[in-house]
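Asks: Structure incoming, see below.
The values are calculated or read from the model by the stated rules, or taken from the named source; none is laboratory data. Just so we're clear, the structure is a prediction, and the values are computed from it rather than from any experiment. Backbone-built Cβ (ideal geometry, glycine too); neighbour counts: all protein chains shown.
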Amino acid sequence: MRKLNYLSLLLFVPILMVSCGEAEEKNEPLDSTEDAQMNTESAQWDADVTLTQEQRDALTPADVVAEFKGGNERFIKDSLTPRNREARIEATAGAQYPKAMILSCIDSRVPVEEIFDQGLGDLFVGRIAGNFADEEMLGSMEFATKVAGSKVIVVMGHESCGAIKSAIDNVELGNITTMLGHIDPAIEMTENFPEDQRTIKNKEYVDAVIKNNVKHTIDKIKTDSPIIAEMAQNGEINILGAYYNVDTGSVEWLDE
Ligand SMILES: [Zn+2]
């Protein structure tokens, strides 16, 4: 019994410490302007803990995107924020308040949290080869936003995507055939290339298909998820497309 109580204390004490520490430092409720400054000017501010629900809810979608842009700059400079993983595990054991959901390919060169300098408890991440959104992924996105309160959905394709190249090459193998079928609409959207240039040897063409796949996925999210479409319409969330360069580590934001 004593052991159980001790464990309970271990669980709650870090949360209390976090709450008290913030109150002492700020002495007033956070507003979105302060959060934006916190995100862009001080990567160390919350290095050891995740955002509280109040802090996360105070963020605007634009604040979250600004934080991702700063995080990607830190990633490129190889200056990722040091984080106390143990404290984060303890602080998030009871609840989570991630600020965004990112849909990415499974590619090993695209470590999503690292790319944006985010830590345990900061993001929902959906990964599937070719970063498309089927019904199950849409359900995951609805959970991340409508149920769990995330402010942003990012659909991120990447340079040299093997899934996209395989779809262009009409690869057929086991369940991969069905999976690559989800990328066909992006290939159909990329018909403004002469037929003999629609090959995986043409980087410009492959990149165009990768970016059209992101656009198609965003369109599909808005069409097939009335819940997410309404949240985006109301300004509660932003849905953004991104392209990750495996050559440089940089994220290019699409349609900006
Ligand atoms: Zn890929």
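Asks: Quick one: is ALA186 within 13 Å of the ligand (Cβ to nearest atom), in contact with a Leu (Cβ under 8 Å, 6 or more places away or on another chain) and either in a helix (DSSP H, G or I) or more than 16 Å from CYS105 (Cβ to Cβ) (or both)?
Replies: no
Asks: When you go through (1) away from the ligand (no atom under 16 Å from the Cβ); (2) touching a Gly at 6+ places or on another chain (Cβ under 9 Å); (3) not in a helix (DSSP H, G or I) one by one for ARG88, which number turns out not to apply?
Replies: (3)
Asks: Follow-up question, since we're still on this one. Checking the structure you have, find out if any residue of region 55-73 is assigned to a loop (DSSP other than H, G, I, E, B), at pLDDT 70 or above and within 30 Å of ASN245 (Cα to Cα).
Replies: Looking through region 55-73, at least one residue is assigned to a loop (DSSP other than H, G, I, E, B), at pLDDT 70 or above and within 30 Å of ASN245 (Cα to Cα).
Asks: Let me ask something else. Sort out which residues of region 101-146 are in a helix (DSSP H, G or I) and either within 16 Å of the ligand (Cβ to nearest atom) or closer than 14 Å to TYR244 by Cα (or both), and write them in order of number.
Replies: Of everything in region 101-146, those that are in a helix (DSSP H, G or I) and either within 16 Å of the ligand (Cβ to nearest atom) or closer than 14 Å to TYR244 by Cα (or both) turn out to be VAL112, GLU113, GLU114, ILE115, MET137.
Asks: Exactly one of (1) in a strand (DSSP E or B); (2) within 16 Å of ASP63 (Cβ to Cβ) is unmet by VAL155. Its number?
Replies: Failing condition for VAL155: (2).
Asks: Same structure, new question: Applying the selection to region 55-75, what residues are out of contact with any helix residue (DSSP H, G or I) (no Cβ under 9 Å at 6 or more places or on another chain) and either among the β-branched types (Val, Ile, Thr) or exposed (fewer than 14 other Cβ atoms within 10 Å of the Cβ) (or both)?
Replies: Scanning region 55-75 gives a single hit, VAL65.
Asks: Oh, and also: Would you please name the residue that is surrounded by the fewest Cβ atoms within 10 Å (Cβ to Cβ), looking only at residues in region 147-160 that are of a type outside the set (Gly, Ala, Ser) and within 16 Å of the ligand (Cβ to nearest atom)?
Replies: Only one residue fits best here, namely GLU159.
Asks: Something else now. What are the pairs, 6+ residues apart or on separate chains, where a residue within region 174-188 that is surrounded by 12 or more Cβ atoms within 10 Å (Cβ to Cβ) and at pLDDT 95 or above has its Cβ under 7 Å from a residue that is of a type in the set (D, E, K, R) and not in a helix (DSSP H, G or I)?
Replies: Matching pairs, first to second residue: HIS182/ASP134.
Asks: Among the candidates ALA163, ALA167, single out the residue that is touching a Cys at 6+ places or on another chain (Cβ under 7 Å), part of a helix (DSSP H, G or I) and within 16 Å of the ligand (Cβ to nearest atom).
Replies: None of the other options fit; the residue is ALA163.
Asks: Within the set of pairs 6+ apart or on separate chains, which have a first residue in region 124-147 that is basic (Lys, Arg), a second that is within 15 Å of the ligand (Cβ to nearest atom), and C-beta atoms under 7 Å apart?
Replies: Qualifying pairs under 7 Å: ARG127/SER104; ARG127/CYS105; ARG127/ILE106.
Asks: Of (1) within 16 Å of the ligand (Cβ to nearest atom); (2) closer than 22 Å to GLY149 by Cβ, ALA62 satisfies all except one. Which?
Replies: (1)
Listed here are the residues, each with its yes/no results for (1) farther than 16 Å from ILE102 by Cα; (2) of a type in the set (A, V, I, L, M, F, W, C).
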residue: LYS151; (1), (2): no, no
residue: SER160; (1), (2): yes, no
residue: LYS165; (1), (2): yes, no
residue: GLU188; (1), (2): yes, no
residue: ILE200; (1), (2): yes, yes
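Asks: Report yes if GLU204 is without any contact (Cβ under 8 Å) to a residue 12 or more places away in the chain and either hydroxyl-bearing (Ser, Thr, Tyr) or assigned to a helix (DSSP H, G or I) (or both), otherwise no.
Replies: Taking the combined requirement at face value, the residue satisfies it.
Asks: Let me ask something additional. Out of (1) modelled with pLDDT under 90; (2) of a type outside the set (D, E, K, R); (3) surrounded by 13 or more Cβ atoms within 10 Å (Cβ to Cβ); (4) more than 29 Å from MET137 (Cα to Cα), what's the single condition that is false for THR81?
Replies: The single condition THR81 does not satisfy is (1).
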